[in-house]
Every structure is written in structure tokens, then in C-alpha cells.
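See structure below.
Values quoted throughout were computed directly from the atomic coordinates according to the rules given, and no laboratory measurement underlies them. The structure displayed is predicted, hence computed values, not measured ones. Glycine also receives a Cβ, built like all others from the backbone with ideal geometry; neighbour counts cover every protein chain displayed.
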Amino acid sequence: MRRAIGLAAVYRAVEGVSAAPAVTGNSIHQRLFQAALFSTNNNNASPRSHWFYNNRIAESQSARVGAHAVAGTMLFSVAATTFVEEVHAKEPVQSKFRPNDVVLYQYEACPFCNKVKAFLDYYDIPYKIVEVNPISKKEIKWSEDYKKVPILMVDGEKMVDSSEIVNKLAKKIHPDEVVLEDGEEKKWRSWVDNHLVHILSPNIYRSTSEALESFEYITSHGNFSFTERLTAKYAGAAAMYFVSKKLKKKYNITDERASLYEAAETWVDALNGRDFLGGTKPNLADLAVYGVLRPIRYLKSGRDMVEHTRIGDWYSRMESAVGVPSKISA
Ligand SMILES: N[C@@H](CCC(=O)N[C@@H](CS)C(=O)NCC(=O)O)C(=O)O
């Protein structure tokens, strides 16, 4: 089914920006970001065939097993991938504790949704995805009291709020363990939600060329006609370029890249020489940081981040540990 998320949505959102109230999780700039960037609800387009999502391919559960190929086309050597994958692995869940029916309502590039996906992928929990239209939100009409994404349905139970979802899932898959989250893990999970996520938009829309790079992806994977595609790409990129400047102010960011690099270095310092914050295996903080960075990793900002900071080794370890997505066809 074709959705019309072209210029109308973009213009509507831009108009809203000029009168935007204080930025909240529900604010208009986010709408624009979502309307433009996240609206890839396209039954024909594979969300995993592009570098923006992840650099791996897995079209089905069976394909997952053998799909340790690098699909992203960008800057990733097969040799390096093969090497790191031998070192780390997913953390499968005992089958009796693995949820049977998991459905994620999401926007493809939403950082909060990607946090949940990183968890599901790492624990190899199969899940279906329902891409939500950020304008109409018709796919989550049934959720009367909660209108954000992610929403996760787990064997009929509705879960909301990414950190809560992860907490609940962690309990579900390890019911025999008293999960005592250590202070460090908790601290860094909050850092992701309160600091790291705010640095992302100003970076991926930092310059007109970067905004265009981001929208190149959006428009080639969204459900646009040729003309819509052409116009939406330029209008969306221009709009988000300006929105990102507002975000910079709101979060007191003077130099977007410096903030991104600083965050990456801060995270590497937190690792303190360990492979992961969790030690020899990723913990929930590792999964959260990885989850929110995954959509930007192969954009210019993510490439710069890896080139100019020490985060690359940890990122590669995480890429191997989390492995290919455990998404299955809806
Ligand atoms: N605290 C929530 C934040 C979720 C959130 O803000 N999601 C955004 C998408 S990235 C959203 O749905 N915004 C509301 C909207 O689209 O109207 C979480 O961690 O899940």
C-alpha cells in the first residue's frame, strides 16, 4: 500500500517548527524527523538492505544462520567482520523462557526502537516489525493511552517505553535470576536516554550535504513516487537542516561533531579497558549505546565518529556480539 508521506508531511512539520513549543519527546521537530526519516513503511522495501539500518543482511530466520555477510557496502571489511565474529557471539535464551510472539511497533531509525531491537537481536529473540506511519499513527490506533514508539507486544502483553521494555524482557528471559542492576550499568543507560540521543539529530543533519545523505536513504526506501521522491529529498533535507540548528540550541551544543566525539570518548573511558561495560559480555548499557548508534554508524557522522575517536573497536565487538537481526517476516 502506498503512503503519501511526501511534501505535505514535511511542510506541515516545518510549519509547526516555527511555532514549536519547548522541545519534548512529542514535539514537532521530532514529528518532522519521524515523518521524514522514519517513514519507511514500505512493504516492498527491505529495511535491512541498507547501511542506515545495519550493515548486515538477514531476510528470514533461516537466512539469519548463514547470513553473516556484510551488506552495508560501506567501509567494512569482510575479513575484519569474520575475525570479530569468531570472538564474540549472541546470548541465546533458554527456549522455555523465550517469548513466542513478539511484535515491535516502531519507526525504523528511532533510537529508542533501536535500543529494543539491539536487545532482541543480542538475545536472538525473533520479532516481527510493524512500521508505524508517524503522521497518522494508524498502526497504533489500538493503543489508546500511549502514542509513542516503541511499543512491544510480547505474547499478548503490551510494553511501552524502551528502558521499561528492556527491563521487563530481561526479567522474562532470566526469571530465576534476581536482576540487580549495578549502579554503573544504570548510570550509563540513563546517559544514553538523557544525553547521547540528543546529539544524534544535530549531527546527521549538520550540513546540507549530510542532511541530503540522510534523506537520500529516506526517500529511496520510503514509498514515494518519482516526483515525490525528488522533492521530498530536498525539502526534507532543507527542513531538517534548520530543525537541527534549533536542537543544537536547545541542548546547548556548540559543535555537533565535538559533542559526538566527546560522547564517544566518554563511553570508551567508561569501558576502562574492558571489552564491554559488562566485562566479557555486553550488558544493558552496552546494548543501549550500540542500539542508538547503529542507525548512524554508516552515515558521515558515524564514519567520522569511528575515524576520530577510539569507539570503533568496541563498536565492532558489539556488531559481532549482537549479530544479525532476529527479525522475522510479519
Ligand atoms: N521514553 C520513550 C521515548 C519514546 C519516544 O519519544 N519515541 C518517539 C520516536 S523516536 C515518539 O514516538 N515520539 C512521539 C511521536 O512520534 O509523536 C522511550 O524510551 O521509549
Applying a 10 Å radius around every beta-carbon, put 127-134, 317-324 in order of their mean neighbour count, most first. 317-324, 127-134
Where both residues lie in segment 92-180, what percent of DSSP beta bridges are antiparallel, nearest 5? 65 percent
Go through segment 125-134 residue by residue and turn each phi into a ³J(HN,Hα) via Karplus (6.51, -1.76, 1.60, θ = phi - 60°); whole Hz please, and just put x for glycine and proline. 8, x, 9, 9, 10, 10, 7, 8, 6, x
Rg to Rh quotient for segment 92-180, alpha carbon positions, Kirkwood Rh: 0.97
Separation of the Ala330 and Phe242 label points, Cα + 7 Å toward Cβ, nm: 3.3 nm
Going highest first, how would you order 144-156, 203-215, 255-267, 286-298 by mean Cβ packing within 10 Å? 286-298, 203-215, 255-267, 144-156
Around Lys245, under 11 Å between beta carbons, what's the net of Lys plus Arg minus Asp minus Glu among the other residues? +4
Projected label distance in nm at Asn252 and Trp142, using a 7 Å step from Cα toward the beta-carbon: 4.4 nm
Which of the aspartates and glutamates could be linked to Lys245 by a straight reach, that is with a Cα gap under 14 Å, when you skip same-chain ones fewer than 8 residues away? Glu210, Asp255, Glu256
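Taking 0.36 nm per intervening residue step and subtracting the Cα-Cα distance, what contour gain separates Asn167 from Thr208 on full extension?
Values: separation 41, 0.36 × 41 = 14.76 nm, distance 3.86 nm.
Value of the extension gain: 10.9 nm.
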Run the numbers on segment 92-180 and let me know its relative contact order in percent, using alpha-carbon pairs under 8 Å that are six or more apart. 37 percent
